[in-house]
Amino acid sequence: MRKILLRTVAAAAIGVLASQTLAGSAFAQTFRWAFQGENITMDPHSTTEYTTVGFLSNIYEGLVRRDRNMQIEPALAEEWKLESPTVWRFKLRDNVKFHDGSPFTADDVIFSYERSMKDGSDVKPRVQSIKEIRKIGDHEIEIETKSPNPILLAELADWFIVSKAWSEANNAQAPADVRKGGENAATHRANGTGPFKLTLRQRDEKTVLNANEEWWDKPEFNIKEAIFSPVSNNSTRVAALLSGNVDMIYPVPSQDMPRLEQTSDIELLKGPESRVVFLGFDVARDELLHSSVKGKNPFKDERVRQAVYHAVDVEAIKSRIMRNASFPTGTLIAPSVTGFDERLNGRLPYDLEKAKALMKDAGYADGFTLTMDCPNDRYVNDEAICQAVAAMLARINIKVDLQAQTRSLFFKKVLARDTSFYLHAWATSTNDGHNILYDLLNTPTPQTGTWNLNGYSNPKVDELTQQIGAEMDADKRKELLFEAFSIVRDDNAHVPLHQQMLVWAKRKNVDVHQRPDDRLELRFTRVN
């Protein structure tokens, strides 16, 4: 039997302000922040869209979570050990309550697992390796995986536990399928165990959270109320910060960074993000849904895909659109993610003449018309990037009809695979390359490739993903990851663009923790 892994942290040792409580005027602060888009849903099993998951992490919790340094630490499970290569035993926290006052038990964990596997769930990849969850006692469970899983804890960090009793009482036993516009009680309401409670949800206007005074952990925050507002217009978002209507905004428009840096009571937080922005083609259909080409799919011809790659000038995007706040890349995996290899990072060069020659060789010298789907409130300068790409492709006679829309409408459309060409980005929830392969690059099935929007399918990549998911030897696993991402790169089913730089702006009297995955956690937020 392999060496037992044991992780125990006493509840009293978690949190740096153990002597403080939420009671009293010192914790009567209000924190207001604005992001460029709205959260898709309040149901933690309906989506893995990263900003929404980050917001919901203030309300819901998993068995484990990440600390300030992105390391796994206990959450609803206070300790765990590996009993055998495929069996983990978790001791759950006692005296934890959901926001409605009901107790948290092993039954809620098992129910959450069963709910996560139902139709409408977007979190199947989080628990796909689990064969069974067994109740040992009210506060003890065993998780048996189908095979050894080296990243189980990382996968569980963003898998949130819901209340069995509340879900059943509110007819929310299954998550609503947001791809199809589905809704239920959990879409607009919430009942978690986390540090903040949902008290008001006015979609596209504001969402209000209040501190959970019965939270099991010791708070590092000092805020009683947190008010989130989606503000898609860049100028309006900056004006709200400068006027004092909000305490923090993100992302910061590149053109406004110099002005904000010169404002005495404003501070910018910067860092490279673990998200990679890229272009995707429909490579699966025999005929594109939204193109002037009939009877065939030009993107099934690798020469056309390479032509698009060569026609996109990422350095121009970096300097003119991103104001140098980006890091061009040749791969879909960021340097901070396990599995990155510098050998993957070389890009096909910008070469307009070669792009034209490839189009001619493929029989498309005169080009074609194509619809491009793009969000206008999700990534930094997303619509401007799409406009620039459209102008660049016009030089090789691909005429782009740009359809830019708010992220909720964008994701509803592309998740239904109603797209031929699109801008997307990915930040792995596990900080491991396996997540990118499994969610984004595996052949789409009810379990795999849930965010594979272009129908990319390579059996060898699928095979390697399975091997990576079970390989416990770190060196062997690293080589398998390199092989898989090398194949993806050579297939050219995507055009990697860049990592965007994280840029947040806050008032100087506010302390926030900036994670490399662009997630704001209120449990680390203070208003001084």
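The values are calculated or read from the model by the stated rules, or taken from the named source; none is laboratory data. This one's a predicted model, so the numbers in the text were calculated from it and none came from an experiment. As a convention, Cβ positions derive from the backbone with ideal geometry for all residues, glycine included, and neighbour counts pool all protein chains shown. For accessibility, only protein heavy atoms count, side chains too; no ligands or nucleic acids. Shrake-Rupley method; radii C 1.70, N 1.55, O 1.52, S 1.80 Å.
Brief remarks follow.
- Residue match in the stretch 77-94 (condition: without any contact (Cβ under 8 Å) to a residue 60 or more places away in the chain, open to solvent by 30 Å² or more (accessible area, probe 1.4 Å) and among the polar types (S, T, N, Q)): no
- Note on the stretch 470-497: among residues that are part of a helix (DSSP H, G or I) and β-branched (Val, Ile, Thr), the one that is most open to solvent (accessible area, probe 1.4 Å) is ILE487.
- ARG323 vs. criteria over 24 Å from TYR379 (Cβ atoms) and surrounded by fewer than 23 Cβ atoms within 10 Å (Cβ to Cβ): no
- For the stretch 500-515, the condition holds for at least one residue, the condition being that it is under 30 Å from ASN528 (Cα atoms), of a type outside the set (A, V, I, L, M) and touching a helix residue (DSSP H, G or I) at 6+ places or on another chain (Cβ under 6 Å).
- The stretch 446-462 residues that are β-branched (Val, Ile, Thr), paired with ones that are surrounded by fewer than 22 Cβ atoms within 10 Å (Cβ to Cβ) and outside any loop (DSSP other than H, G, I, E, B) (beta carbon under 6 Å, 6 or more apart): VAL461/ILE487
- Of all residues in the stretch 109-133 being touching a strand residue (DSSP E or B) at 6+ places or on another chain (Cβ under 9 Å) and among the charged types (D, E, K, R), the one that is surrounded by the most Cβ atoms within 10 Å (Cβ to Cβ): GLU114
- Annotation: of all residues in the stretch 224-250 being over 17 Å from VAL510 (Cα atoms) and part of a loop (DSSP other than H, G, I, E, B), the one that is least open to solvent (accessible area, probe 1.4 Å) is VAL231.
- Annotation: of all residues in the stretch 365-411 being part of a loop (DSSP other than H, G, I, E, B) and acidic (Asp, Glu), the one that is nearest to LEU288 (Cα to Cα) is ASP366.
- Any chance GLU267 is part of a strand (DSSP E or B), closer than 30 Å to HIS513 by Cα and open to solvent by 30 Å² or more (accessible area, probe 1.4 Å): yes
- Selection over the stretch 95-108 of residues that are at pLDDT 95 or above and open to solvent by 50 Å² or more (accessible area, probe 1.4 Å) gives a count of 4.
- Number of residues in the stretch 40-58 that are out of contact with any Pro (no Cβ under 8 Å at 6 or more places or on another chain), more than 15 Å from TRP451 (Cβ to Cβ) and assigned to a loop (DSSP other than H, G, I, E, B) equals 4.
- Restricting the stretch 344-371 to residues that are under 30 Å from GLY271 (Cα atoms) and in contact with a Ser or Thr (Cβ under 8 Å, 6 or more places away or on another chain), the residue that is least open to solvent (accessible area, probe 1.4 Å): LEU344
Every residue, every condition in (1) within 21 Å of VAL178 (Cα to Cα); (2) buried (at least 17 other Cβ atoms within 10 Å of the Cβ); (3) within 20 Å of the chain's Cα centre (by Cα), yes or no:
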| site | (1), (2), (3) |
| --- | --- |
| PRO444 | yes, yes, yes |
| GLN447 | yes, no, yes |
| THR450 | yes, yes, yes |
| LEU453 | yes, yes, yes |
| SER457 | no, yes, no |
| GLU463 | no, no, no |
| ILE468 | no, yes, no |
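- When the criteria are applied in full, GLY455 meets the requirement of being under 18 Å from ASP282 (Cα atoms) and small (Gly, Ala, Ser).
- Residue that is nearest to THR428 (Cα to Cα), among those in the stretch 270-294 that are open to solvent by 60 Å² or more (accessible area, probe 1.4 Å) and not hydroxyl-bearing (Ser, Thr, Tyr): PRO272
- Residue match in the stretch 88-101 (condition: assigned to a strand (DSSP E or B) and among the acidic types (Asp, Glu)): no
- Within the stretch 305-355, being at positive phi and part of a helix (DSSP H, G or I) holds for no residue.
- Of all residue pairs spaced 6 or more apart or on separate chains, those with beta-carbon atoms under 8 Å, a first member in the stretch 320-341 that is of a type in the set (Asp, Glu) and a second member that is surrounded by 19 or more Cβ atoms within 10 Å (Cβ to Cβ) and modelled with pLDDT of 95 or more are ASP341/LEU481; ASP341/PHE485.
- Those residues of the stretch 412-429 which are over 18 Å from ASP401 (Cα atoms) and either part of a loop (DSSP other than H, G, I, E, B) or hydroxyl-bearing (Ser, Thr, Tyr) (or both), in sequence order: ALA416, ALA427, THR428, SER429
- The helices (runs of 4 or more DSSP H) falling completely within the stretch 143-223 that include 3 or more residues that are within 27 Å of LEU520 (Cβ to Cβ) map to 152-156, 185-188.
- When the residues of the stretch 134-171 are filtered to those that are farther than 21 Å from SER121 by Cα and of a type in the set (S, T, N, Q), the one that is most open to solvent (accessible area, probe 1.4 Å) is SER147.
- One residue stands out in the stretch 283-298 among those that are more than 21 Å from PRO444 (Cα to Cα) and of a type in the set (Gly, Ala, Ser): the one that is farthest from the chain's Cα centre (by Cα), namely GLY295.
- Filter pass, ARG395 being surrounded by fewer than 17 Cβ atoms within 10 Å (Cβ to Cβ) and touching a residue at least 24 places away in the same chain (Cβ under 8 Å): yes
- Any hit, the stretch 192-207, residues being at pLDDT below 95 and open to solvent by 20 Å² or more (accessible area, probe 1.4 Å): yes
- Close Cβ contacts (under 9 Å, 6 or more residues apart or on different chains) running from residues in the stretch 509-528 that are closer than 21 Å to SER264 by Cα to residues that are open to solvent by less than 30 Å² (accessible area, probe 1.4 Å) and of a type in the set (Ser, Thr, Tyr) comprise VAL510/THR525; ASP511/THR525; VAL512/THR525; HIS513/THR525; GLN514/TYR250.
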